[in-house]
1. Report relative contact order for chain B in percent, whole number only (criteria: Cα-Cα under 8 Å, sequence separation at least 6).
2. Report the Cα centroid-to-centroid distance between the stretch C:173-214 and the stretch B:22-86 in angstrom, as an integer.
3. For A:198, A:155, C:213, what's the fewest-to-most ordering of other Cβ within 10 Å of each Cβ?
4. Using only the alpha carbon atoms of the stretch B:3-244, find the Kirkwood hydrodynamic radius as the inverse mean reciprocal pair distance, in angstroms to one decimal.
5. Pick from A:153, A:64, A:231 the residue whose mean-square fluctuation is largest in a GNM of chain A, springs joining Cα atoms under 10 Å.
6. Where does helix C:60-78 land angle-wise versus the long Cα axis of chain C, in degrees 0 to 90, nearest 10?
7. What is the order of A:175, A:111, fewest Cβ neighbours within 10 Å to most?
8. Over the Cα atoms of the protein assembly as shown, compute the convex hull volume and normalise it per residue, giving Å³.
């Protein structure tokens, strides 16, 4: 424990996530686990631009939805394995990210937030009228697997480990990013854009790169979702609540922190599962009232989320040890 | 000439904050900009730093036209600046702050860290290296700003009241630091309120009043200039209050 | 003639957009802050009107004042208990504060009032009037005209009264305003009250003429963004002008392409504006 203090929480976490399905092998617990991983992936992806760069997107569902539609659209049109659609989702998301980033990042952060929510709504409504993507009904994947490449499994277990791998890749990427020039630039832009520019930081370009990276991973999260469920419609792809979930999970855990979204998902997903189980269908509305309340409380009292709260109450020595 | 400003004007609507200001700074000089509050020296300074685009006129740095270049281009070409109100990156540690500057010439993290460490030693911030920037007081943050700029390897440093609001001892230390930077071969343009600082540091001074350059030359001559005395006398009481505060 | 009727209908709806958007633009102009819950304020204004009619009775004047007053109070309370603390905080806190508030209000409304569309019971305002061959429903006509008058009134209040100039002073230079003896906090609370009040009364006017459900808040909020972006951030006359245009564009696109497209066209306009003229059509370059 003393030899590798910085590593041990990571190792513990990795081990816990790896053996979770072996201990909780029931379908219900496995489903919760998969939901948790997907939420953690989406929120971690949001975190790159919303947390690290401090550019608060409230319409990230647009990337999630594009990623979710692409695989099932490829299947519908050409009969390909849904997996083949993932790159198309990424490409569309990157294009959209650039399209939004270029005009809004020249202005204050409010414009970006407004643009994201407006564009997400625009796409949601448009997809609801567009016959090619199934309009309001949406799209479906292969009902039964034609082979392993369709990634259509009866058990949740394979999905669990696929999602876990993607999460590990994303978090490793974020870890490296934090230590790279790019990560320093993001943090500098977040707290002092004017000062960052005066030091030669290409602010506009750095923000766009952050948005593009974030959009790519969010798109992958969307693809994973639709490949697993084999179904997507405008609401589950582009709905405002998809965006809300990413924001709240990242902000609750700690926006701009490596493990922030993971901590947020660890709290929120079981909470959400519990309310849905206890209150049945009627609980959904209640869940979102609670979400709204939590978001307001975070904004008002602790924008740094649980991570910052923990740093404040934890002993000084622990903090210093983990400071850099 | 390292830096030249020709007939630079900056207006906001009908109001001219700076009108036809000329300045040429040779390599290795320390030039001071003085003047009462609202005289236009800060606006002029921001034009030099690329933070404001002049309404008319030209700014040439090392033979290149910088008039419309953005701040980041200024940094790349070797013009660094500090801010009147220190704009340190609050949540980040002192070393990380300096590293943001160091990354400009050292893209790799290890090199940037080494370079930043050297700068931190040079500027006397070593003891506070791992502290968060916001835990430093105003003098510390002003020093950190200078360190951060220094890490970008500038040829010209623009200091915006980097020595204001310091106690006499802190002031002496800060003056020593500016001298040290100057000895490294870096040209300096400094905006200051406090006459004494300018007198000890600058080789040449430009005095501003109501957007115009009203006098320029050796500091000891400029302070004797009638127009300058008049500009300052009107605000005399102002200045005393500011210094005692 | 049908087209003319569509145009007039669009302008009358646009007048209400102008009224609630001027509330949003007031906050933006004064404190550089975007209220994501503004559409929810309009939605609440509609439900307050319904509650007043159901439980207290009275005509449009009664529920109009009721909605304006209730939302004014809500605006002040929101400012004092929430916005004040995030105003100079990180961007994340600024955005999340009203974004979370929007969710809270929207889903609470769903929970209390259900997702069903409702409308006010028949009031004294009903029937249609024939103006030069155009059939105008009287509720729409009254609501639109009052909305225009109130927006102009708000503009006059901001430009011609002492309170207006004090509000302006705070937005231009907080420090200088304090030296003049103005309390910025109090003025900003007042601005939030006015902003939400304008949304509330716009909701009441909307309720006279159109049915609604809790989900309209989101649409109105986004519509207000578009109006403010078009009219220039911070400009009430700009909001009036842009509100009418947006109402017109909506009505025409619904008429030509079908009702589903009315929001698509407006949101697309917003994205186009960000690219071409982020300072708004009437804003300074």
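1. 25 percent
2. Here the two parts' Cα centres lie 42 Å apart.
3. Going from sparsest to densest Cβ surroundings: A:155, C:213, A:198.
4. 18.3 Å
5. A:153
6. 30 degrees
7. Starting with the residue having the fewest Cβ neighbours, the order is A:175, A:111.
8. Looking at the protein assembly as shown, the number lands at 187 Å³ per residue.
Each reported figure results from applying straightforward, stated rules to the coordinates on display, with no laboratory input. Everything numeric in this text was worked out from a predicted model, so none of it was measured. Counting neighbours? That spans all protein chains shown, and the Cβs are built from the backbone with ideal geometry, glycine included.
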